[in-house]
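Reading through the structure tokens given below for one structure.
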Amino acid sequence: MTSIFEEETTLFADLILPVPVPSLFTYRVPREMSGLVKVGARVIVQFGQKRVITAVIARIHSTPPVKYQAKYILELLDEQPIVTQYQLELFNWVSEYYLCNIGEVLNVALPAGLKITSQSRIQVNPEFEYEDLLTDQERIVVDEIRKQQTLSYEEVERLLQKSNITAIIKSLVGKRAVILYEEVKERYKPKVLKKVRLAAAYTSNAALSALATSLEKNQKQQEILLKYLSYIPVYNHAELNQKGLDKSFFSQDDSISDASLNTLIKKGIFEQFEIFVSRFDDLPSGNMANISLSDSQKEASQQIEELLAEKEVVLLHGITGSGKTEVYIDLIKKVLEGGSQVLFLLPEIALTTQIVVRLRKVFGDTMGIYHSKFSDNERVEVWKGILDGKFQFVVGVRSAIFLPFDNLGLIIVDEEHETSYKQHDPAPRYNARDVAVIMSYMHKGKTLLGSATPSLESYFHAKSGRYGLVEMKERYGNAVLPDFQLIDTKKEKKQRQMKNEFSSVLIQHLEHNLTHKEQTILFQNRRGYSPYLQCEECSWISECPNCDVSLTYHMKVKELRCHYCGHKEEVPRTCPNCGSTKVKTMGYGTEKIEDELHLMFPEARVQRMDLDTTRAKNAYQQIIQEFEEGGIDILVGTQMVSKGLDFDNVSMVGIFDADRIIHFPEFRASERAFQMLTQVSGRAGRRADKRGKVLIQTANPSQKLLERIVTNDYEGMYESEIAEREKFSYPPFTRLIKLTVKHIDEQTSQRAAKILAEKLTANLGASRVLGPQPPLVERVRNQFLFDILIKLEREKINFKAAKSFIQEKVIDTLTDKTLKSIQVVIDVDCL
Ligand code: ADP
Ligand code: ZN
Ligand code: ZN
């Protein structure tokens, strides 16, 4: 009945295009596709003049757009949706909350392997007649295309041995000799394994005997058959034949020729087939291994369950080494047994190590792993594995929040205070921890946040009763928190006891640890050899030509590098300003500490772990493994050494330059310093039989914050910080939105920022709008930056309305003709 109606109705689809445009686009569904299109499926469409892109269907309806003529969808890629309803809702939420385009959200959500790329190909115009118009080179191209049917740009380049062929192609198009068209390619390639098995007709015992006899004349072929049967005993177990043998198994055997095997396949005795294999098969596999929880872990797990029954979110505040992971595992198992999905979020760096191996041992290959260092194909496999139901449980980094779950029971956010949950660039500038709460809510699931040093925001919500709060105050298995010692570097300097950056106390302890074969971690939160070079004569300082920061000296590669824009240059032998040879390195980073350790303790095995030593895919894991196996005595590193690592034999942690971390000019500095120093200290003394030691070098040992770190007084830190935040209207009492205006001309940038700030102030009031002011680094990549900080009270203000007002004013400024080509970055809940 309805079919007549359907026949006549033209369908339209509103699509999310993975590009920064503010709205959905409506396309026309071709008649032959009308029974097949589904919301959440991918399609290919033409966008703009030349581009062909992948888009996702958000809505299907029968209303043509009013403002433009809808173009046809070119191709439908999926029979079944690959984006779920929940995701569509989430993408929408993220784009509204973080003031960005939904296409930008789709763009970070979809792994590149699910986006199709288009490549221009060239074919000869069948109606082309004017052969004598062609130049010699054009003639070569046209002749070759006639031979090959079509050519790609690269093939033409190779043909003419030229790297820029656009002019020739343009001319050919102008003469109507060739036509360009877009060939669409799927980027994802499943990993396939070639296998062989006996054809079904030969699997009965009678047929097998007859076959063996008939092959007697051909020894080579018979050998293959026998070899196959020796691995797959088809005689007794015909059903085993189905799985077959890897084809490579035969080709590795020298006595067997590929030709004979291929003949058997051609004769129809063997058949060849392919299977898709997962790229994760080489990881250790698990068996839902049983762990027994300690009493306090049991209690914590139970409390969490009880609290989650009534609250959406629970915060687990457990000191380092309390065994939070085991508690998580216990809860994950229960949720999975109940038939719901679980997502476990970890900060980027923690995900590559120990914790994943531990989880894998328990959950085996039912656990998907989603990491940015994985290849795109691997990420597509996780995406598809969730849709197929293969992965009910996924552990991943922040972008895993965008995976296609349809029944999430629990999201765990471990180390929830970590700033790496927030994406800085590009948009969407989301915080995966906060999105997790929304996402769980959509799924009617729950969120568990965990940390030894919770963010003030989360602890505030827990204290106020909005979140449940569970505390674990003891380390697992009778281990205790380490013993702290503050070392007064001012005093040591006066008494000339320091050796460069090392206090005499630290050196003594290093010696002790080396003789007793115990491991040490040294923490300096700055990479490179030294943060700048300076001329002793004229005070010249090495600076980046593109940014307002000093260039860091990297000794190993003998280079000066900018940590903001990546600029590199050679180290000057003399001062570029006065010609003096007294150019000295100032300050110190991990590389210098490593260097000095080599000089002081030539026999010690020292390894450095920072961004520069861990760029390669497995470098990080290799260092961790070597350290675990005892191949390293002293590990020197940046924040990287503080993230979730669990080593038995580390009895000491040494911290340089705590003052620089504590006094960073930023309102969150105390909170961050507490978190960072507590976390890195937590790597020491995880064994029950030996208390660890933490040495902190500081010019001012009587600072209150240091006392709180030493006594593990999170509460004290929280109380004093939260009072400050309230007094000066900072989060969690307000929400912050940062607008950054950028332009290559300083005046233009400043003027635009001023105009924008005035517009905002007129409506929001001066107390809510701070700035414009230049950020700490005023110029980056040759652009001058000006920040405007907007503070909106949590309770009093309609956040949504305020945001759309802000967005409106930003658009006003962007479209102001007197302020040409400025950029404005909007960062909601900036960190
Ligand atoms: P946290 O993440 O809270 O700092 P971990 O989860 O890393 O602590 O646990 C600290 C150490 O104690 C790890 O080596 C872990 O294997 C061990 N551990 C914790 N709970 C248990 C348990 N129930 N059974 C065995 N080992 C445990
Ligand atoms: Zn000089
Ligand atoms: Zn730079």
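The values are calculated or read from the model by the stated rules, or taken from the named source; none is laboratory data. All values reported here derive from a predicted model rather than from experimental measurement. Methodologically, a virtual Cβ is constructed for each residue, glycine included, from the backbone with ideal geometry; neighbour enumeration extends over all protein chains shown.
Looking only at residues that are over 16 Å from LEU307 (Cβ atoms) and among the small types (Gly, Ala, Ser) in the range 425-450, which one is nearest to ligand 3 (Cβ to nearest atom)?
Top of the filtered list is ALA427.
For the range 581-611, which residues satisfy the criterion of being within 16 Å of ligand 2 (Cβ to nearest atom) and either aliphatic (A, V, I, L, M) or surrounded by fewer than 14 Cβ atoms within 10 Å (Cβ to Cβ) (or both)?
Selection gives THR581, LYS582, VAL583, LYS584, MET586.
Take GLU127 and decide whether it is at pLDDT 95 or above, at negative phi and either out of contact with any Leu (no Cβ under 6 Å at 6 or more places or on another chain) or not in a strand (DSSP E or B) (or both). Walk me through how you get there before you give the answer.
Working: at pLDDT 95 or above: no; at negative phi: yes; either out of contact with any Leu (no Cβ under 6 Å at 6 or more places or on another chain) or not in a strand (DSSP E or B) (or both): yes.
Criteria not met by GLU127.
List every residue pair whose Cβ atoms sit under 7 Å apart, with the two residues 6 or more apart in sequence or on different chains, where the first one lies in the range 747-773 and is farther than 10 Å from LEU789 by Cβ and the second, anywhere, is acidic (Asp, Glu).
Partner pairs satisfying both residue conditions: LYS759/ASP812.
For the range 443-451, indicate whether the set of residues that are at negative phi and touching a Lys or Arg at 6+ places or on another chain (Cβ under 6 Å) is non-empty.
The answer is yes, given that some residue of the range 443-451 is at negative phi and touching a Lys or Arg at 6+ places or on another chain (Cβ under 6 Å).
For the range 765-786, check the following and say yes or no: at least one residue is surrounded by 17 or more Cβ atoms within 10 Å (Cβ to Cβ), at positive phi and modelled with pLDDT under 95.
yes
Yes/no per residue for (1) within 16 Å of ligand 3 (Cβ to nearest atom); (2) touching a helix residue (DSSP H, G or I) at 6+ places or on another chain (Cβ under 8 Å); (3) more than 26 Å from GLU348 (Cβ to Cβ):
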| position | (1), (2), (3) |
| --- | --- |
| LEU645 | no, yes, no |
| VAL653 | no, yes, no |
| ALA658 | no, yes, no |
| THR678 | no, yes, no |
| VAL694 | no, yes, no |
| ALA699 | no, yes, yes |
| ILE709 | no, yes, no |
| ALA723 | no, no, yes |
| PRO732 | no, yes, no |
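Conditions (1) in contact (Cβ under 8 Å) with a residue 60 or more places away in the chain; (2) surrounded by fewer than 17 Cβ atoms within 10 Å (Cβ to Cβ); (3) basic (Lys, Arg), marked per residue:
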| site | (1), (2), (3) |
| --- | --- |
| LEU789 | no, no, no |
| ARG794 | yes, yes, yes |
| LYS803 | yes, no, yes |
| ILE811 | no, yes, no |
| LYS817 | no, yes, yes |
| ILE826 | yes, no, no |
| ASP829 | yes, no, no |
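In a loop (DSSP other than H, G, I, E, B), within 28 Å of the chain's Cα centre (by Cα) and basic (Lys, Arg): does that describe ARG527?
On the way: in a loop (DSSP other than H, G, I, E, B): yes; within 28 Å of the chain's Cα centre (by Cα): yes; basic (Lys, Arg): yes.
Yes: the conditions hold for ARG527.
Okay, residues lined up against (1) under 25 Å from ASP425 (Cβ atoms); (2) assigned by TED's automatic domain parsing to the domain that holds ASN500:
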site	(1), (2)
ILE541	no, no
ARG561	yes, no
THR574	no, no
THR613	yes, yes
ASN618	no, yes
GLU628	no, yes
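For the range 295-329, which positions are modelled with pLDDT of 95 or more, under 28 Å from the mean Cα position of the chain (by Cα) and among the acidic types (Asp, Glu)?
The one that is modelled with pLDDT of 95 or more, under 28 Å from the mean Cα position of the chain (by Cα) and among the acidic types (Asp, Glu): GLU312.
What do you reckon, is LEU151 in a strand (DSSP E or B), without any contact (Cβ under 8 Å) to a residue 40 or more places away in the chain and at negative phi?
Details: in a strand (DSSP E or B): yes; without any contact (Cβ under 8 Å) to a residue 40 or more places away in the chain: yes; at negative phi: yes.
Yes: the conditions hold for LEU151.
Go through the range 550-568 and count every residue that is within 16 Å of ligand 3 (Cβ to nearest atom) and surrounded by fewer than 21 Cβ atoms within 10 Å (Cβ to Cβ).
So the count comes out to 10.
Looking only at the range 543-567, which residues are within 16 Å of ligand 2 (Cβ to nearest atom) and closer than 15 Å to VAL777 by Cα?
Selection gives GLU543, SER550, LEU551.
I want to confirm something. Restricting to the range 212-268 and keeping residues that are without any contact (Cβ under 8 Å) to a residue 12 or more places away in the chain and of a type in the set (Asp, Glu), which single residue is farthest from VAL192 (Cα to Cα)?
Step by step, filter the range 212-268, then rank; the result is GLU216.
Results for (1) modelled with pLDDT of 85 or more; (2) of a type in the set (S, T, N, Q); (3) on the phi > 0 side of the Ramachandran plot; (4) in a helix (DSSP H, G or I), shown as yes or no for each residue.
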| residue | (1), (2), (3), (4) |
| --- | --- |
| PHE250 | no, no, no, yes |
| SER255 | no, yes, no, no |
| ASN262 | yes, yes, no, yes |
| ILE265 | yes, no, no, yes |
| GLU271 | yes, no, no, no |
| ILE275 | no, no, no, no |
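Working only within the range 699-744, note down all residues that are in a loop (DSSP other than H, G, I, E, B), within 33 Å of the chain's Cα centre (by Cα) and on the phi < 0 side of the Ramachandran plot. Spell out how you get there, then give the answer.
Step one: filter the range 699-744 for residues in a loop (DSSP other than H, G, I, E, B), giving 699-703, 711-713, 728-733, 744.
Filter once more, so that each one left must be within 33 Å of the chain's Cα centre (by Cα): 712-713, 729-733, 744.
Answer for the range 699-744, where residues must be in a loop (DSSP other than H, G, I, E, B), within 33 Å of the chain's Cα centre (by Cα) and on the phi < 0 side of the Ramachandran plot: ASP713, TYR730, PRO731, PRO732, PHE733, ILE744.
Among the numbered criteria (1) of a type outside the set (A, V, I, L, M); (2) modelled with pLDDT of 90 or more; (3) within 16 Å of ligand 3 (Cβ to nearest atom), which one does PRO576 miss?
Result: PRO576 passes all but (3).
Outside any strand (DSSP E or B), farther than 30 Å from ASN782 by Cα and in contact with an Asp or Glu (Cβ under 7 Å, 6 or more places away or on another chain): does that describe LEU481? First the steps, then the outcome.
Working: outside any strand (DSSP E or B): yes; farther than 30 Å from ASN782 by Cα: yes; in contact with an Asp or Glu (Cβ under 7 Å, 6 or more places away or on another chain): no.
Criteria not met by LEU481.
Tell me, which helices (runs of 4 or more DSSP H) wholly within the range 310-418 include 1 or more residues that are without any contact (Cβ under 8 Å) to a residue 24 or more places away in the chain, of a type outside the set (Ser, Thr, Tyr) and surrounded by fewer than 23 Cβ atoms within 10 Å (Cβ to Cβ)? Spell out how you get there, then give the answer.
Details: elements: 324-337, 354-363, 376-388.
Filter on the range 310-418 gives 324-337, 376-388.
Considering each residue of the range 811-831, count those that are in a loop (DSSP other than H, G, I, E, B) and among the acidic types (Asp, Glu), and give that number.
Looking only at the range 811-831, we keep the residues that are in a loop (DSSP other than H, G, I, E, B), and these are 815-822, 829-831.
Narrowing further to those that are among the acidic types (Asp, Glu): 816, 829.
Counting residues in the range 811-831 that are in a loop (DSSP other than H, G, I, E, B) and among the acidic types (Asp, Glu) gives 2.
Just give me the residues in the range 531-548 being surrounded by fewer than 20 Cβ atoms within 10 Å (Cβ to Cβ) and within 16 Å of ligand 3 (Cβ to nearest atom), in sequence order.
Going residue by residue through the range 531-548, those that are surrounded by fewer than 20 Cβ atoms within 10 Å (Cβ to Cβ) are 532, 534, 536-541, 543, 545-546, 548.
Hits for the range 531-548 are TYR532, ILE541, GLU543, PRO545, ASN546, ASP548.
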